[in-house]
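Student: One structure, as structure tokens, below. Some questions next.
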Amino acid sequence: MDVERTSLPGIGLRHVFTTGRGRQLGVVSHRTGRRDLVVYDKDDPDTCVVSVALTGEEANGLAELLGSDRVVERLAELHRQVEGLVTEQLPIAAGSPFDGRPLAGTRARTRTGASIVAVVRGGNVIASPRPDFVFAAGDIVVVVGTGEGTAAVAAILASG
């Protein structure tokens, strides 16, 4: 898929792509953090027919909805391509020292070399969770690294 990127001086950036059915969709990323989801007229691609303003949080939520299955697919593909790379899904159990604590507190990558790349919560995938993401009992943490590194992350999540 080709994405056309256009600088909008004083506003931000516009990214536009054409779907397989010929519709042009775009996202205008404002310097303020606001995002506009834009649908262009099928017969006149220079004319916008719908524009939906999204806050940063709403844009992230929509991205998660649209991309959650892709994260799992990409991890599986990486696992097939890179020998020695392991993907583990680790639960946050009730009573875990990280139940109610932020991801940053694990220092997982620094301590183990493995990376927490996603969290599954209630059927929703939070891809690339930020350091301030707070774990909750029942979360499934997706970790990528060596077997030794992912085992170390499991130990951290279980006992601190």
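Student: I need a count of the residues in the stretch 116-145 that are in a strand (DSSP E or B) and more than 19 Å from Thr87 (Cβ to Cβ).
Tutor: Residues flagged as in a strand (DSSP E or B) and more than 19 Å from Thr87 (Cβ to Cβ) within the stretch 116-145 amount to 1.
Student: Given (1) at pLDDT 90 or above; (2) closer than 20 Å to Ala152 by Cβ; (3) aliphatic (A, V, I, L, M), where does Leu78 come up short, assuming only one miss?
Tutor: (1)
Student: So, in the stretch 32-59, of the ones that are in a loop (DSSP other than H, G, I, E, B) and under 28 Å from the mean Cα position of the chain (by Cα), which residue ends up surrounded by the most Cβ atoms within 10 Å (Cβ to Cβ)?
Tutor: Arg34
Student: I'm checking my understanding of the structure. Among residues of the stretch 108-127 that are in contact (Cβ under 8 Å) with a residue 40 or more places away in the chain and not β-branched (Val, Ile, Thr), which one is farthest from Gly160 (Cα to Cα)?
Tutor: Asn124
Student: Still on this structure, please answer the following. Somewhere in the stretch 135-143, is a residue under 19 Å from Asn60 (Cβ atoms) and charged (D, E, K, R)?
Tutor: Yes: the stretch 135-143 contains one or more residues that are under 19 Å from Asn60 (Cβ atoms) and charged (D, E, K, R).
Student: Further, regarding this structure: Going by the structure shown, is Val28 over 22 Å from Ile140 (Cβ atoms), in a strand (DSSP E or B) and modelled with pLDDT of 90 or more?
Tutor: Against the criterion (over 22 Å from Ile140 (Cβ atoms), in a strand (DSSP E or B) and modelled with pLDDT of 90 or more), Val28 does not qualify.
Student: I'm trying to understand the selection: among the residues of the stretch 132-151, which are open to solvent by 40 Å² or more (accessible area, probe 1.4 Å) and either under 18 Å from the mean Cα position of the chain (by Cα) or at pLDDT 95 or above (or both)?
Tutor: Answer for the stretch 132-151, where residues must be open to solvent by 40 Å² or more (accessible area, probe 1.4 Å) and either under 18 Å from the mean Cα position of the chain (by Cα) or at pLDDT 95 or above (or both): Asp132, Val134, Ile140.
Student: Something else now. Taking Arg111 and the conditions (1) at pLDDT below 90; (2) of a type in the set (Lys, Arg); (3) over 23 Å from Asn60 (Cα atoms); (4) surrounded by 12 or more Cβ atoms within 10 Å (Cβ to Cβ), which numbered condition does it fall short on, given that it satisfies the others?
Tutor: Only one criterion is unmet by Arg111, namely (1).
Student: Would you confirm whether or not the stretch 118-131 contains a residue that is more than 16 Å from Glu64 (Cβ to Cβ), modelled with pLDDT of 90 or more and of a type in the set (A, V, I, L, M, F, W, C)?
Tutor: No, that holds for no residue.
Student: Determine, yes or no, whether Glu64 is open to solvent by 30 Å² or more (accessible area, probe 1.4 Å), over 30 Å from Arg34 (Cβ atoms) and either polar (S, T, N, Q) or modelled with pLDDT under 90 (or both).
Tutor: Against the criterion (open to solvent by 30 Å² or more (accessible area, probe 1.4 Å), over 30 Å from Arg34 (Cβ atoms) and either polar (S, T, N, Q) or modelled with pLDDT under 90 (or both)), Glu64 does not qualify.
Student: So which residues in the stretch 94-113 are farther than 15 Å from Arg130 by Cβ and not in a loop (DSSP other than H, G, I, E, B), if there are any at all?
Tutor: Thr110, Arg111, Thr112 - these are the residues of the stretch 94-113 that are farther than 15 Å from Arg130 by Cβ and not in a loop (DSSP other than H, G, I, E, B).
The values are calculated or read from the model by the stated rules, or taken from the named source; none is laboratory data. Bear in mind the structure is a predicted one, so any value in this text is a computation, not a measurement. So basically every Cβ, Gly included, is an ideal-geometry build from the backbone, and we count neighbours across all protein chains shown. Surface accessibility is based on the protein's heavy atoms, side chains included, excluding ligands, DNA and RNA. Shrake-Rupley method; radii C 1.70, N 1.55, O 1.52, S 1.80 Å.
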